[in-house]
1. How far is the Cα center of the stretch 309-334 from the Cα center of the stretch 679-707, in Å?
2. Where the centroid of each part is defined by its Cα atoms, how far is the stretch 386-453 from the stretch 62-126 in Å?
3. Can you compute the label reach from residue 18? Point 7 Å from Cα along the Cβ direction, backbone N cut-off under 11 Å, restricted to the stretch 83-103.
4. How much length would be gained if the chain were fully extended between residue 51 and residue 650, taking 0.36 nm per residue of separation minus their Cα-Cα distance, in nm to one decimal?
5. Kindly provide the chymotrypsin sites (Phe, Trp or Tyr not before Pro) of the stretch 227-320 that DSSP labels as loop, not H, G, I, E or B, and whose Cβ sees at most 16 other Cβ atoms within 10 Å.
6. Which order do peptides 335-345, 427-437 fall in by mean Cβ count within 10 Å, highest first?
7. With a point put 7 Å past each Cα toward its Cβ, work out how far residue 712 is from residue 187 in nm, to one decimal.
8. At R0 = 41 Å, how high is the FRET efficiency between residue 614 and residue 557 if r is their beta carbon distance? Nearest 0.05 is fine.
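Coordinate-derived values only; no laboratory data. These figures come from a predicted structure and were not determined experimentally. Cβ placement follows ideal geometry from the backbone for every residue including glycine, while neighbour counts extend to all protein chains displayed.
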Amino acid sequence: MADQPNNAAPATNDERAQRRLRRQALIDAGVNPYPIRATVTAHAAELEERYADLEDGGVTEDVYSLTGRIRAFRKQGKIAFIVIEDCTAQIQLFCRVNDLPEADWALLGNLDLGDVIGATGAVIRTKRGQLSLAPTHLEILSKSLRPLPEKFHGLTDREVRYRQRYVDLIMNADVRETFRKRSQIISLIRRYMEADGYMEVETPMMHAILGGANAKPFVTHFNALDRDFYLRIATELPLKRCIVGGLERVFEIGRQFRNEGMDLTHNPEFTSMEAYCAYSDLDGMKALTEGLFKTIAREVCGCEEGHEVITYQGQEVDMSGTWASRPLADIASEVVGEKIDMDTPIEHLRELCEKHGIEPQDNWGAGKLLFELYDELGEQTIVNPTFVCDYPEEVSPLSKRKDEDPRLTDRFELVICGHEYANAFSELNDPVDQAGRFAEQVAAKGFGDDEAMGYDYDYVRALEYGMPPAGGIGYGIDRMVMLFCDAPAIRDVLLFPAMKPETITRADIASQLPETTDGTAASVDALADDAENGAANEAAAAGRGAEAPALKTGLSREQAFELLKQYNEDPFHIAHGQTLEGLMRYYAAQFDPANVEFWGQVGLLHDLDWEKFQDEVQHTVKAAEILAEAGAKPELARAIQTHNSDNNPDLPAPGCKMECVLFACDELSGLIQAACLMRPSKSVMDFEVKSLKKKFKDKRFAAGCNRDVIRRGAELMGMELDELFADVIEAMKAIQPTCDGVS
């Protein structure tokens, strides 16, 4: 079939276009810019070490073949200097026209920074003292079609760094070192566990029943069984089945999946290690943990034995000696300023929670209330390694009760610098007790706890055969790597962290395609749809994408807008409502296309009652009455009320995506609009994140915009502040007419 144009636009970047031309020039000259293989007989760091004593101007007859990416390139008449970087270090190629075949010298004219090349030649040291390879042969191994980030500033944008980790690794040596250390740590953990008599095993990634932790799962569909399964949230229950079966010491390093938010220490997909030891208990798990962490400190961080002290984010962490063990209730007592424990009256524990900004649920008992006080207030006060012990049974469904007080369990969490690194139990092996606790978990689901476990009949059956006493522990590997690499965020130690989907345009895709195709390739439109909606399209094709019925407000858009104008005369308030309407419609198109109208009216009417009834606590309460009188559905009022739950705890808190978006956008959009009014253009179109960050830090500017509410909005969206800033600015640019108050 004859070649056909793919209707692709010219490359969107001039530099990319020029590199594509040079790629084609190589092909036209009979040079394959992407050969099958290359010869490597040495690496740069190896030669630096081997020839450290070679004198300036020294020449050897030792010939090596090296490969690497071009990081610097300078041509001067009949010589050229190329700096290449391999996985170990950089080295210079000292190219001379008389040393190279004509075709190899001509190759230099089509090379760019970022190209991967191979060179064969003798080792020399230049008169200026630079160790070099003098090539007698050059070859292109991979033509780079995109320019690397600018030399002096490198890749600094965190969003781009995480999304395009491959470029981050190219540009930042410290990032490469972090992931080398990560590999070293995981390898060291395996060796340590095996030396202690543990056997590594593998257990299923998909579970029919949710168990092993309290977490919200991802759900997938198993076509062969025509049944939904959970991606595992923990490896605990399968591993303890191994203990029942007589494998006395087992461990597994593997991925877990929890359908929850993202922040500095959480990623929905993460790595853990769980280990179980028959005939052991919490003391055994403490000894295992101290030994493992101290070994990593010595072998990865270079600490001396007996002085395992590291620094994490400016805090000195002393891991030497015997680590402290403290009851959870003691830490909670310390932070609330009075003695509290399981005997403290429930009503007083509730009062303490409310006093410290914790909203207790009706079904929480004393154990859960005590735990929340510790978890919200006490954990963050701990710096040096501490085993926090004696967790209430109410929050420990898989741990043995303590003999002296059955309301507490034989459990600890290891806390360092305010973060949990390990969770250990003396494992529950009474099948009747376990069945009862599973039943309690299922009851909790009935109260709306979407993190509660299911009833695992087979696991109880396994316990009925008899599981010996055992100690068990789980470690967050990613957090361990953060600790030993002094990384502030979990994304810094994950090669490919979870990110919100990237917006890829038709032009972006078209710029990557060949100029002609043989007619068998999909169209650019089909490729763009697949890039944006691939998973959703697959689910819909399988009949699993059926959407719930569209939400109804009970009002038309015109009725909603008239209602807004009836209770608001200030043009600013009306414009703000329109801005939020535009933002909500923008995000609904991404997250909930069936309910764009509902989302839009939530944004339009979110401050319906503010102008006439300016009461922070009662804000949106009056709005609910107004909406009911106008014939609106109660779902509309409920969604609106969530954005004021921080001022009125009687109002529902944000839960679904729509409510989180409203909370995140309301205060932040006001700050952005105020900042834009200070600019000569009065427009958001030339507004940048760095300008917003300055205004955000200046608390005197737009003082009415609550910075804490904006931070809380970022948490609800699972974003860092910079991410939320950039996202909402882009959304406001997309709805600029609405931002300007045009109806």
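1. 40
2. A separation of 62 Å, based on Cα centres.
3. Backbone N within reach: none found.
4. Extending this stretch completely gives an extra 208.3 nm.
5. Counting only loop positions with at most 16 other Cβ atoms within 10 Å, the chymotrypsin sites (Phe, Trp or Tyr not before Pro) in the stretch 227-320 are 279.
6. Taking the mean over residues of other Cβ atoms within 10 Å, the ranking is 427-437, 335-345.
7. Calculated label separation equals 4.8 nm.
8. Using R0 = 41 Å, I get an efficiency of 0.95.
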